[in-house]
Every structure is written in structure tokens, then in C-alpha cells.
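Take a look at the structure below.
The values are calculated or read from the model by the stated rules, or taken from the named source; none is laboratory data. Note that the structure is predicted; figures quoted are calculated from it, not measured. Ideal geometry is used to build each Cβ from the backbone, glycine not excepted, and the neighbour counts take in all protein chains shown.
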2 protein chains.
Amino acid sequence: MLKIIKKSGFARRGEFDTVDGTIQTPAFMNVATQGVIKGAVSAYDLKDIGCQVQLCNTYHLHLRPGDKRIKELGGLHKFTGWDGPILTDIGGFQVFSLASLRKIKEEGVYFSSHIDGRPIFMGPEESMQIQSNLASTIAMAFDECVENPATLVYAERSCDRTMRWLTRCKEEMARLNSLSDTLNKKQMLFGINQGCTFDSLRVENMQKTAELDLDGYAIGGLAVGEPKEDMYRIISAVEPYMPAEKPRYLMGVGTPGNILEGVSRGVDLFDCVMPSRNARHGHLFTWEGIRNLNNAKYASDESPLDATCPCPTCRRHSRAYIHHLFKAKEMLAMRLCVMHNLYFYNNFMQEIRNSLDNGTFETFKAKYVELLDTRV
Amino acid sequence: MLKIIKKSGFARRGEFDTVDGTIQTPAFMNVATQGVIKGAVSAYDLKDIGCQVQLCNTYHLHLRPGDKRIKELGGLHKFTGWDGPILTDIGGFQVFSLASLRKIKEEGVYFSSHIDGRPIFMGPEESMQIQSNLASTIAMAFDECVENPATLVYAERSCDRTMRWLTRCKEEMARLNSLSDTLNKKQMLFGINQGCTFDSLRVENMQKTAELDLDGYAIGGLAVGEPKEDMYRIISAVEPYMPAEKPRYLMGVGTPGNILEGVSRGVDLFDCVMPSRNARHGHLFTWEGIRNLNNAKYASDESPLDATCPCPTCRRHSRAYIHHLFKAKEMLAMRLCVMHNLYFYNNFMQEIRNSLDNGTFETFKAKYVELLDTRV
């Protein structure tokens, strides 16, 4: 259950209790695909950068090092060293982008490992078993991530199948949570709304999903290349049918501007690889906008990445030094920038929460919604 | 001056005062070639891993980002964030291994940048000026690093020229230290003993070098592929001619066993890329010997890298997790292993110092001199 503390229009300031701690929402989940944040950031760095939730990828961890091995080693928390909430994404997007020889059937998906080509079958039950072995705080339902644009006929068939899969996920999760050797017997399950960019299909799918009374609801299949207006329209379309007392998660989103628009439409949780991926290329989020540290003008610049930022990188290192590290191809460049960008995102969410607490969310949004997505 | 606290045979337990702090010797200097330790380790991590001295490379930093830029930015300490002693190696080895079109003349060396091919001239005066701009604690003399094996005739001619260069280095350093806009007016200069593997040439060169009354004396041109017996024999040959009250530095050495042999022959300072380079390939130094973390048996091993090690990596992470990070090609693997190996080296020097303080150095050496260089 999500306890709503304040509202501003559709925007919600909440607290979401989990077995691994309370998540203050709106929140950004920090992406650690293979059980680690790319850029040499460890689980023990996460507290320093204000992370509340770590997000790991079921598909990647199933392949390597293997979910059974992680269970033997005590689960993802013990394995990675992070003791806060962990959400496991099923990695549908990865199955669809990395794997080859994919075949979707009623029972599940047949595909080949992108690492060694070996054949893999994954259905709703297998996905729940893997996530139970990983012992994440929150498991995501097994769904089909349909590519846009899709025909209405295909989208309807896919949604129907995903709905049947969801029922199987719920049953399997209940069974797994009742077993004596399950690591996290209070593992939660979030359903995922699909329906491509067809509003009526999205709404119908959301209504049916809500009937299953799950622990939370995600909106999937967005931020995959469609115009952002479509994304915002769909969020607004399904929002009335998302149970108010449950957390809402917009998958794979996005820029600071996208997040502000999502919050203003009632979303509580976000995740995106953008802050860490862009950081590894020297693209920094700051309160003045997006800065490209590769620009030659930073070679002699003694300022921190962001003049107002108290993150471990900005407290200690200059733009000139980090610019040099990028030119010298030294991996510390990536670490310092990933630390900064993730701190920025987590702190940005804190500022959103503060503005909701103070009743100034609309002013905050108006000030930053375009500025933060603009290049300096 | 080096204050000698204890002795055990030729081994010395000392304190070496510098303008940036006192170095407890014997000490290992941590290699940060381009102003950073490879493997995403920052200057702010160095205290956690027991580092006393950071070693940077004059040649690399002259090319990129440029010593004049570093001077404008306040010197290497401010640039990197490390506030302890810094030694700048001239990078002769790099000039000879990376640079092309090298030509050695009486005035200095002509070569091409390994980055962009532009022609560069560096002589004793230029090297001192660059190191003065970098504002390191200790500058190294400009010398020729002769490849082994060399003829006696070539080695003699090279030593004579290096000796003339050394006189010019000393004069230029004195001039630079007297200038009002010099960042570190107490910059020290170490001379470098050369002479290939010819004992009599080494001794003659050491005697002449000692006459210049420098701040410290290095033994160069060793650990470049010659049998280790040659290295140990040469150290013992020149030791009687190294001023007792000045620090002695064996350049580019080496394994823990090499270091124990060096200390037992009267050496105070060491540096080597081995701990950080090997770490990046998963080869770990431990008190049980050298461990290759890529070995499949570590995939399910919950122990830390070294059972007795209190380093940040061993306190927190398992062999299984770090093994996974290597397989998944995640750069955190390198950071965690570099942190461990450098901690191991720095802590190993601390244990050597403790054994000298306690009068147990010979026992300590006998126990570890072969063990630590042996694969588990």
C-alpha cells in the first residue's frame, strides 16, 4: 500500500512500505542491470548518492551468474551489498533487443541467450521462480513488450495473452511466497499495463489489471521511441483506472522533464539508464541544464560539474580534472560522472518531494520542466 | 634527510620529511601515471588504502593535459585532490617505449608524441621546468634509460652524459626553486644511478652521483627484464656508496618478494604498476599468495579476496560477486581489485616497518619472501 501524504493536482507525495524499507515517493530507481551500476559504482556508494531503490534485470542475472547461484549466495541483497529495496525488471526489453530466434507462444517465450546462444524458455512461472530466487523486494510481471508501431489487432492479441500470463504470475508468486525455503516470502508483484499507443486498449487493459489487486501497477511499453505527447496522453488516459492506494511506476522514463510531467500525471516511481549511460559519455545533468564535459572550454575550468551540487564528485573534483580523465581514457572519469548524475536524479526527486510537501510543485515544475532538458 | 629509527642488517626503518608530509619508510609509492590510478580509484580513495606517496609521470602529464595548464590550475596536488607527497617520474621509460623517432643528443632527447606525433624536445632544463610546473614534492633527474643488454662502451658513454645532465638538472632546479612564482619552492631532486648490469660502472656512477649532494638517490634501469639475481647483486654493489642519511629508491620494483629483498639490501622507496595492473586482470595479492579470481572455483565462493584483509573491498564484497563482475565485464571489478591490491602493498610495507620496529624483520622476510610471490 502507498500512503499518500500530500497531493497537488494529480501529483502524489507518498510513502511506500516494503519489507526492505520505506520508499519516499515520487522516487527514481537506480539501474544496476547485472547487479551493479555501470561505471564502477558499488552498492556501498548508493547511500552517498541518495539512492532509495536499486533496479536489477531478471534476464541478465538469470543468464549470468544464474539466479540459482544468487539464491545459494543468499539473494541479491547479500550478493550486491545493497540492503534497501530492490526491484527486478523482467528484462523483456532485453529479450526483445538482445536475444535472437525469439518465438512467442501461449506458454511463454522461446529465445537464445545473447551470451552463448543456448536455447532458453521463459514463461510466467519461470520468471516468478527466477525473481523469487533473486529475492528482490518487488518482482515485475512477465509480459510482452510490443514494438511500436503495432497494429491494433496484434496489440489486442498481445494484451490478452499478457493478461493470461499475469494471472499465472500472481498464482505462481503466491505459491512461491508460501514455500519454506523462499528467501523473501513477502515478495511483491507489480502488474504492467500495455496496449501500445491505443488509448482505449490501454484503458481496458488497465481496468482488467487493476481487478487482480496487485501490489503496484506499472505502465510499460512507453519511452520506446514514440513522441512524448503520446506518452503523456496515455498516462493521463490510464491514471483514473490505476488504484489510488497502490504505487504507480512509469517504466524506463526518462529525462528530468519527462519525470516532472509523469509526476504531475500521478506517477510515483521511475527508472532510466539515461543518467548513468549519459554520464559515461561526459553528458552531465545540472541545475542549469545538460553540460557536455568533452567541450574544450572545460579543460581549464576549475568549477565543479554543478556549482550548487554537494555530491561526492562536485565536492572534490574540478571540470578540468574530469575533462582530462575523459581525454586520457581513464575510467575514473566515468565513475565520477555516474556518481554525479545519479546523485542529481535522486536529489531532483527529493526536490520534487519537498515541493509537494511545501505546496510549491507547480512553481517548481514550471521553472525546471524545460530548463533541465536543455543543453547549456 | 632521512632519519633512521632502526636497522636490521642493511634494512632501514626511517622517516623522510617532505614539504607535503613525513613518509614512513620503507614505503611503496602508488602509481598514478596520468594523475590518476588506473581502475577508477580517486585521490580521495588513497587514504582508505594506506597510500603515503602518489607517483605521477612527467612525460604523460606534459603531453596531456600539459604542465602549464596544471600549474595554472594550482599544481598536481590541487588538480588530483591528493594532499600528501607526490613524486614525479620523468617517464624516460615511456619516452623509450611509447615515443617514436627518438634521437639522443648532448642537449637532450628529440622524439615524437605518442598521442599526436608532434615533435618534442626534452633536456634536463625542460624536464625540471615541467616538474616545477607540476609542483610535485620530489622531482626525478633527467636520465637516459638504457636498454639491457647494452655494450659496456655504450653504457659508459650514456652514464657520462647522464652525469652531465644531472649537473644541469641540479642547477636548473635551484634556479626554479628561487623564482617567486614557483608553486613548490622546496621541490626536491633525486639523482638516478645507471650503468646497466656492469657492477664497476654502477659503482663509479653512484660515487659521482653522491658527490652532488642531492635530496635522494634512485637506482634506475633495473627490473627491465634482467634476472632478479642481477638486480639484487647491483643493489648490494652500489649500497655502500649511497649516502646513508638520504632516501634510496629502487625504481619500478616489484613483487612482494623483490621488495623484501630490496629492503634487506637497504632500499627505502619502491614503486611498481604491478599491483594495479594485475588487479585489473583479476590477479590478487594476498597473504596466502597470488590468487587468480577468474578461476571458475570462485564463482560460488562467499569469502573475501583475502580472509585476513580489512581493505574496503574485503570488508564488503565476496569473491563470487567480484568474479561475476569480471565475467560481466563490469568496471567495478577492476576498481574493487585495484583497491585491494594497493591496500595489500601499502599494508605489506606497514608490516615490514612493524617488523623492523620490533626487530623481527628477518623472520618476517623468511616467512613471506617466496610465499607471497607464489600462486595459490
Checking B:Ser355 against (1) out of contact with any helix residue (DSSP H, G or I) (no Cβ under 8 Å at 6 or more places or on another chain); (2) away from chain A (no Cβ under 14 Å), the condition it does not meet: (1)
Does any residue of segment B:81-93 turn out to be within 14 Å of chain A (Cβ to nearest Cβ), out of contact with any His (no Cβ under 7 Å at 6 or more places or on another chain), outside any helix (DSSP H, G or I) and at pLDDT 95 or above? yes
So how many residues does segment B:60-81 have that are buried (at least 19 other Cβ atoms within 10 Å of the Cβ) and in contact (Cβ under 8 Å) with a residue 40 or more places away in the chain? 11
For segment A:187-227, give me each residue that is more than 21 Å from A:Thr167 (Cβ to Cβ) and either surrounded by fewer than 24 Cβ atoms within 10 Å (Cβ to Cβ) or charged (D, E, K, R) (or both). A:Thr197, A:Phe198, A:Asp199, A:Ser200, A:Ala223, A:Val224, A:Gly225, A:Glu226, A:Pro227
Find all pairs meeting these conditions: Cβ atoms under 9 angstrom apart; at least six residues apart or on different chains; first residue within segment A:197-208 and touching a residue at least 12 places away in the same chain (Cβ under 8 Å) and closer than 18 Å to A:Pro149 by Cα; second residue in a loop (DSSP other than H, G, I, E, B) and aliphatic (A, V, I, L, M). A:Thr197/A:Ala150; A:Thr197/A:Leu222; A:Phe198/A:Ala150
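For every residue, the table says whether it meets (1) closer than 23 Å to B:Asp271 by Cα; (2) touching a residue at least 40 places away in the same chain (Cβ under 8 Å); (3) within 20 Å of the chain's Cα centre (by Cα).
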| site | (1), (2), (3) |
| --- | --- |
| B:Glu106 | no, yes, no |
| B:Phe121 | no, no, no |
| B:Glu144 | yes, yes, yes |
| B:Asp181 | no, no, no |
For segment A:205-226, does any single residue satisfy the condition of being farther than 24 Å from A:Met29 by Cα and in a loop (DSSP other than H, G, I, E, B)? yes
So how many residues does segment B:235-257 have that are buried (at least 23 other Cβ atoms within 10 Å of the Cβ), under 18 Å from the mean Cα position of the chain (by Cα) and in a helix (DSSP H, G or I)? 2
Scan of segment A:215-247 for residues that are touching a Gly at 6+ places or on another chain (Cβ under 6 Å) and at pLDDT 95 or above, ordered by number: A:Tyr217, A:Glu239, A:Lys246, A:Pro247
Would you pick out the residues in segment A:141-160 that are surrounded by fewer than 17 Cβ atoms within 10 Å (Cβ to Cβ) and part of a helix (DSSP H, G or I)? A:Leu152, A:Val153, A:Tyr154, A:Arg157, A:Asp160
Taking A:Thr363 as meeting all but one of (1) over 20 Å from A:Gly50 (Cβ atoms); (2) of a type in the set (Val, Ile, Thr); (3) within 13 Å of chain B (Cβ to nearest Cβ), write down the number of the exception. (3)
Restricting attention to segment A:356-376, and to residues there that are among the β-branched types (Val, Ile, Thr) and more than 14 Å from A:Ser264 (Cα to Cα), which single residue is modelled with the highest pLDDT? A:Thr374
Got a sec? Which of A:Ala366, A:Ala333 is within 23 Å of B:Leu46 (Cβ to Cβ) and out of contact with any His (no Cβ under 6 Å at 6 or more places or on another chain)? A:Ala333
Among the residues of segment B:7-39, how many are in contact with a Phe, Trp or Tyr (Cβ under 9 Å, 6 or more places away or on another chain) and under 14 Å from B:Phe361 (Cα atoms)? 6
Which residue pairs have Cβ atoms closer than 7 Å, lie 6 or more positions apart in sequence or on different chains, and pair a first residue in segment A:292-317 that is within 13 Å of chain B (Cβ to nearest Cβ) and among the β-branched types (Val, Ile, Thr) with a second residue that is crowded, with 18+ Cβ neighbours inside 10 Å and not in a loop (DSSP other than H, G, I, E, B)? A:Thr313/A:Leu336; A:Thr313/A:Met339; A:Thr313/A:His340
So which residues in segment A:51-77 are more than 12 Å from chain B (Cβ to nearest Cβ), among the hydrophobic types (A, V, I, L, M, F, W, C) and part of a helix (DSSP H, G or I)? none
Here are A:Ser112, A:Ser127: which of them is at pLDDT 95 or above, more than 24 Å from B:Pro304 (Cβ to Cβ) and either more than 12 Å from chain B (Cβ to nearest Cβ) or surrounded by fewer than 23 Cβ atoms within 10 Å (Cβ to Cβ) (or both)? A:Ser127
Return the residues of segment B:18-27 that are surrounded by fewer than 24 Cβ atoms within 10 Å (Cβ to Cβ) and either within 14 Å of chain A (Cβ to nearest Cβ) or assigned to a loop (DSSP other than H, G, I, E, B) (or both); say none if nothing qualifies. B:Val19, B:Asp20
So A:Gly262, is it outside any helix (DSSP H, G or I), touching a Leu at 6+ places or on another chain (Cβ under 8 Å) and surrounded by 23 or more Cβ atoms within 10 Å (Cβ to Cβ): no
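Here's the yes/no breakdown for (1) surrounded by fewer than 24 Cβ atoms within 10 Å (Cβ to Cβ); (2) of a type outside the set (Gly, Ala, Ser); (3) touching a residue at least 60 places away in the same chain (Cβ under 8 Å); (4) within 12 Å of chain A (Cβ to nearest Cβ):
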site: B:Ser8; (1), (2), (3), (4): yes, no, yes, no
site: B:Phe16; (1), (2), (3), (4): no, yes, yes, no
site: B:Met29; (1), (2), (3), (4): no, yes, yes, no
site: B:Lys38; (1), (2), (3), (4): yes, yes, yes, yes
site: B:Tyr44; (1), (2), (3), (4): yes, yes, no, yes
site: B:Ile49; (1), (2), (3), (4): yes, yes, yes, no
Sort through B:Asn347, B:Asn292 and tell me the only one that's surrounded by fewer than 24 Cβ atoms within 10 Å (Cβ to Cβ), farther than 30 Å from A:Val31 by Cβ, touching a Pro at 6+ places or on another chain (Cβ under 9 Å) and among the polar types (S, T, N, Q). B:Asn347
Single condition A:Leu336 does not satisfy, out of (1) within 14 Å of chain B (Cβ to nearest Cβ); (2) in contact with a strand residue (DSSP E or B) (Cβ under 9 Å, 6 or more places away or on another chain); (3) surrounded by 24 or more Cβ atoms within 10 Å (Cβ to Cβ): (2)
Candidates A:Lys327, A:Lys246 - the one that is on the phi < 0 side of the Ramachandran plot, more than 11 Å from chain B (Cβ to nearest Cβ) and among the basic types (Lys, Arg): A:Lys246
